[in-house]
Structure formats: structure tokens, C-alpha cells
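Step one of this worksheet: look at the structure below.
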Amino acid sequence: MLVNVSGWWNPSHTYTLNPKNLSIDARPGGCFCEKYPHGGGVQHMSVVHAAPGKALRMTGALGPMQAHGLAGSMSWDFIPQKPAEAGQPMSKLVLSYSVGGYMAGGFEKMAPMVNVMLGEQITRYKNLANTGKVD
């Protein structure tokens, strides 16, 4: 379900404002990409590790960070959990995104905005996984 990013990513955090243009090819060397309606597109990140149901790791700089000398590593890890009772989640999702490099004026101010954006994405994904709806 995680790689079906078009079903849960917020459209306001895409270049085309349409998550249906997003895809993740979950294999080493695969692309988290966005196609433009009339040709071209954006490579948001590259897949470097794919373990279905366990982990997805990608490298790259998201959104406005692409225009600068920044690089990042994003990991989506599913940690198995022993449910306390029926209906409890079988795994815990842990998202981490580490970014480094150079950006004129510094990129430290951008970190809180990226955290909010990723927090929103993970909430949408968890809502979809748990209820079948992103909101």
C-alpha cells in the first residue's frame, strides 16, 4: 500500500497538484517520480532498498530542496508489533528523513516545514491503511 503513493499523498505537495501523477517503482534503482501531463516530469527520489512489508529506503531531495546542493535519505520502516488485543496494528511505521549539504542562507529553517509536510503524509497513509480513507 505504501508504494501506491497516488492514493494517499497530499496533492498540494506535488508539482502537478495531482497525486495520480505520482508513482514509486519499489526496486533498487526505481524512481519515486511524478509525470507531467504534457510530457516530462520530476524524479523526487531514487529507491536504494526495497523489502516489501518491511522497509523502503530512498535517496534524494524533495520539493524546493532539489534546486540546491542538498541530498537526503528517507526510510520507511515497518516494525512488527505484537497486538495487545484484536484490532491493534500489526506493525509500527517509522519514517526518518536525513538531509545534508549546502543551501544559500542555510536549510535549517526548512526542516520544520519538511517535518510538518512529512507528518501530514504519514498521517494520510496511516488513515488509509487503518480506515480506507486518507482524511
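The values are calculated or read from the model by the stated rules, or taken from the named source; none is laboratory data. Not measured: the values here are computed from a predicted model. Because the Cβ atoms are built from the backbone with ideal geometry, glycine has one as well, and the counts that use them run over all protein chains shown. Accessible surface areas use protein heavy atoms only, side chains included; no ligands, DNA or RNA. Shrake-Rupley method; radii C 1.70, N 1.55, O 1.52, S 1.80 Å.
Computed quantities for the displayed model
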{"quantity": "Residue in the range 1-18 that is open to solvent by less than 60 Å² (accessible area, probe 1.4 Å) and in a strand (DSSP E or B) present", "calculated": "no"}
{"quantity": "Matching residues in the range 35-70 - criterion: being closer than 22 Å to Pro19 by Cα, among the hydrophobic types (A, V, I, L, M, F, W, C) and exposed (fewer than 13 other Cβ atoms within 10 Å of the Cβ)", "calculated": "Ala67"}
{"quantity": "In the range 108-128, the residues that are at pLDDT below 90 and over 18 Å from Met74 (Cβ atoms)", "calculated": "Glu108, Lys109"}
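Per-residue answers, yes or no, for (1) farther than 18 Å from His13 by Cβ; (2) out of contact with any Cys (no Cβ under 6 Å at 6 or more places or on another chain); (3) of a type in the set (Phe, Trp, Tyr):
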| residue | (1), (2), (3) |
| --- | --- |
| Phe32 | no, yes, yes |
| Met58 | no, yes, no |
| Ala67 | no, yes, no |
| Pro83 | yes, yes, no |
| Met110 | no, yes, no |
| Asn115 | no, yes, no |
| Leu118 | no, yes, no |
| Asn127 | no, yes, no |
| Thr131 | yes, yes, no |
